[in-house]
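Visitor: One structure follows; several queries about it will come next.
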Amino acid sequence: MGRRWSLALVGAILLGAVFLAPIVRADPAISRAAADEGVAEWRFSNPANYSASDLDLGPAGASLAWLSLSHRDTTRSDFSLASSLANIDLVRTAGRVLLADTSQAGPVQNLTFQPDPASMADDFLYAGGSNQNYGNAAQLFVGNWSNGTWTRSILQFPALPLPANATIVSASLELYYSFVINATPMDISVHAVTSNWTEFGSTWNSADGLAPWNAAGGDFDPAAVATVAGITNGTGWYGWNVTSLVAGWWTSAVPDEGLMVRQVSDTTATMGQKGFSSSEDPNATRRPRLQLAYTTPSSHGRLLSAPITAGGLAQWTGLWWNATVPSGTNVTLRFRTGDSVPVDATWSPWSVPLPIFGMPIAVPPTHYLQYLLDLFTPSATSPSVQDVTATFTRYAISGSVETEEFAPNPLLSWGLLTINATAPIGTSVTAAYSSDNGTSWLPTSSGQDLSAALVRGIRLQITLATNDTLVTPRIESVTLRYRLSSAALGNPAVGWGIAFFAFLTLLVLLRLRRHFAATGLLLIHTDGRVVGNAGVDGPRDEVATSAMLTLVHQFVRDSFQGPQGTGGELKSFQVDDKELTIAKGAFLYLALVGKGTKPRALASRLVKFLSGLETAYGPRLEKWDGLRSSTGDLEADLSWFLRKGYHAIALRRAVRYHA
């Protein structure tokens, strides 16, 4: 009889919940504008009452969903969409960006080498002062003087300041023409000096002040390295291409004895002199210099991505990547943003390289982002990029929400539809209604009278859209008026509910017993699922029972004490010798089935035990996955409370076994 009676009690309560369901509906809220006119108001505070797509629903109403989105390049197909690839291999290893050729010389680097007087050796040799040294002179003279005397200049640069693995691409000797004697056109050539000499010992006759030249006027290769023709009186820089000679010095293919600068065929040329600045020129910017261009062993590759679209105006929030970067190699990533495709001058400049491996970014909102990957290696080992991800946020371009079917009874006609919304420039709010439960929709708008709609249940559809995905329209509420026939002026559901529960109360009084014994314990999630039970009165249909308890609890709270009451909780039902006592927690219900006169402290013990369960099992039960295996030893705790806990004099521990 005990189990059969418990099932009868469950069935009776569930039947009552079915009768009362229409008046505990959470949304829309129902009010009366007149005796025969009702007003339904949808405020979107309970998302469970709606079907929504790309909208956020809550106490503030409805708005377009704020989306956190990303674009990720990680496959060969992704990276192959790049706007350009230079020395990049996407084939060798699928999903990896690698250098195609790791044997390249690096980019050409330029260096101006202009030594100071202490490290630079230069002098001019004068036939008219055959034993005179001019190493301290501020000029280097070239050309034929009168009476068969002429001048030549010699220079020697110190060791070149290049990396040991550099390869010289070009070298130019540059001299500044600063001292004009006459405007006679002159061809001036550069030659390799072939004997060792000193700056402050060399003269027309001697290489170092002691040893003579092999031939007076200096020892040099008669084959000119380079020649500049027709120098007249135009001051400034003049340059001679001395690549072959300087490259030979660098590789030690030829000895570095310096350079001679002389007038072509100076022994037979007509009179003319040119004066160039030496390393002793007080103006340091005019001193002799070498313009060097060189490379080092290195390979570079570059991937320029296609512009990434955010699908609208968006706030870019981060750029991240994963890469393998062996020692000595490098990967850099930069980005720019804009609002047009193809890229034009309105785009931002390239950012500085981002730290490995990415970072949040803060830039003005735009529609597009483009990134630039640069890979480098000084050896045969290539760095490898696995993926690049750009993250951004924006509102959805459009979204919609549909209400559940609303069918007041007996309905006479529908009335005025009002949509309380804000729609900034570039946004829109549109509406439609359905009289066939969503099979077809008819457009409508705020302020429209729907009296022509069919007299049957109605569903509303509201669509929000924006052209500026950083701005959203908002709906605070939607109201719909309707007229009821005279038969609806009362509320028969309330009468049925009162009569039904009066009947249950009578049964409780008839079956009351003096002594109390607990026979069943049921733990129910607020969403209606049975989490666990203990005792002989555990229900066979747990899903139906838990749903029933949730509905009854809501009915008693919202209807019996009503909106004017203080609110309350369902405590117990008593029928014959069975009593159902219910405690409500933060996210669980605990129901105890028993017979007889319940202990005075039962309610507080039940509440305390439930609180202990929520504390001990909260992280697992609040977002329960529905599997009994994830509840641990919950059943043991329920069994302990059913056997001992509910009548313990002092419940020292809320959960006995496995807190």
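Visitor: Grab the beta carbon distance between LYS608 and GLN104, set R0 = 60 Å, and tell me the FRET efficiency rounded to 0.05.
Guide: After rounding to 0.05, the efficiency reads 0.20.
Visitor: With r as the distance between the Cβ atoms of THR285 and THR75 and R0 = 60 Å, compute the FRET efficiency 1/(1 + (r/R0)^6) and round to 0.05.
Guide: With a Förster radius of 60 Å, E is 0.60.
Visitor: What distance in nm separates the simple spin-label points at THR389 and THR332, each placed 7 Å from Cα in the Cβ direction?
Guide: Between THR389 and THR332, the label points sit 2.5 nm apart.
Visitor: Any chance you could get the radius of gyration and Dmax over the Cα atoms of the stretch 138-184, in Å?
Guide: 16.3, 51
Visitor: Can you sort ASP219, ASP625 by 1.4 Å-probe accessible area, starting with the largest? Intermediate values should be presented prior to the final figure.
Guide: Working: ASP219 10, ASP625 95 Å².
Greatest to least solvent exposure: ASP625, ASP219.
Visitor: Is there a quick way to get the dipole size of the stretch 370-452? I mean about its Cα centre, with the Cβ of Lys and Arg at +1 and of Asp and Glu at -1; what is the value in debye to the nearest 20? Working shown, then result.
Guide: On the way: 1 positive and 7 negative charges, 52 e Å.
Charge dipole of the stretch 370-452: 240 debye, to the nearest 20.
Visitor: Moving to a separate point now. Quick check: Cα centre of the stretch 458-484 to Cα centre of the stretch 592-641, how many Å?
Guide: Between the Cα centre of the stretch 458-484 and that of the stretch 592-641, the gap is 43 Å.
Visitor: Using only Cα atoms, locate the centre of the stretch 86-147 and the centre of the stretch 363-418, then give the distance between them in Å, rounded to an integer.
Guide: Between the Cα centre of the stretch 86-147 and that of the stretch 363-418, the gap is 56 Å.
Visitor: Need the list of lysines near LYS598 for cross-linking: C-alpha distance under 30 angstrom, and skip anything on the same chain fewer than eight residues off.
Guide: The reachable lysines, counting only those whose Cα sits under 30 Å from LYS598, are LYS571, LYS578, LYS584, LYS608, LYS644.
Visitor: Report the accessible area of LYS598, computed with a 1.4 Å probe over the heavy atoms of all protein chains in place, in Å² rounded to the nearest 10.
Guide: 70 Å²
Visitor: Mind checking the full-extension length gain between THR597 and THR317? Use 0.36 nm per residue of separation minus the Cα-Cα distance, one decimal, nm.
Guide: 94.4 nm
Visitor: Taking 7 Å along the Cα-to-C-beta vector as the label spot, tell me the SER68-ASP374 distance in nanometres, rounded to one decimal.
Guide: 3.3 nm
Visitor: A further question follows. How far, in nm, would the chain grow between ILE356 and SER84 when pulled straight, counting 0.36 nm per residue and subtracting the alpha carbon separation?
Guide: So the chain would gain 95.7 nm between ILE356 and SER84.
Visitor: Extension gain SER413-THR243, at 0.36 nm per residue separation less the Cα-Cα distance, in nm? Each step should come with its number before you reach the end.
Guide: Numbers: separation 170, 0.36 × 170 = 61.20 nm, distance 9.84 nm.
Between SER413 and THR243, full extension yields an extra 51.4 nm.
Visitor: If I take R0 = 45 Å and measure r between the Cβ atoms of ILE425 and ALA586 in this structure, what FRET efficiency does the formula 1/(1 + (r/R0)^6) give, to the nearest 0.05?
Guide: 0.55
Visitor: Turning to a different aspect of this structure: Enumerate by residue number the chymotrypsin sites (Phe, Trp or Tyr not before Pro) in the stretch 280-368 meeting two conditions: DSSP loop (anything except H, G, I, E, B), and at most 12 other Cβ atoms within 10 Å of the site's Cβ.
Guide: Numbers: sites: TYR294, TRP316, TRP320, TRP321, PHE335, TRP347, TRP350, PHE357, TYR368; in loops: TRP347, TRP350, PHE357.
In loop regions of the stretch 280-368 (DSSP not H, G, I, E or B), the sparsely surrounded chymotrypsin sites (Phe, Trp or Tyr not before Pro) are TRP350.
The values are calculated or read from the model by the stated rules, or taken from the named source; none is laboratory data. None of the values given here were measured: they were computed from a predicted structure. Backbone-built Cβ (ideal geometry, glycine too); neighbour counts: all protein chains shown. Ligands, DNA and RNA are stripped out before the accessible areas are found, and what is left, the full protein with its side chains, is counted by its heavy atoms. Shrake-Rupley method; radii C 1.70, N 1.55, O 1.52, S 1.80 Å.
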